[in-house]
């Protein structure tokens, strides 16, 4: 398994994604925390559109996070 830095140098799509995030941080458009939350939310939205069985405790934790009750 490659480190994120190694992957950045060999995977053009990952490189572009990292550069997009970096530019958002550099322009003070988003904080690292906001980017992290946005990526988590995008992953959740993707999972909701392509459901797979999920343990009830994980589903509850996700619901709490979405409602800001974490």
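Points worth noting:
- In the stretch 49-59, the condition of being part of a helix (DSSP H, G or I) and either surrounded by 12 or more Cβ atoms within 10 Å (Cβ to Cβ) or under 15 Å from the mean Cα position of the chain (by Cα) (or both) is met by no residue.
- Residues of the stretch 35-70 that are on the phi > 0 side of the Ramachandran plot and touching a helix residue (DSSP H, G or I) at 6+ places or on another chain (Cβ under 7 Å): none at all.
- Pairs with Cβ under 7 Å, 6+ apart, first in the stretch 16-38 and assigned to a loop (DSSP other than H, G, I, E, B), second surrounded by 13 or more Cβ atoms within 10 Å (Cβ to Cβ): 30/24
Read-outs: derived from the displayed coordinates by stated rules, not from any lab. The shown structure was predicted, so the numbers you read here are calculated from the model rather than taken from an experiment. Glycine gets a Cβ as well: all are built from the backbone with ideal geometry, and neighbour counts include every protein chain shown.
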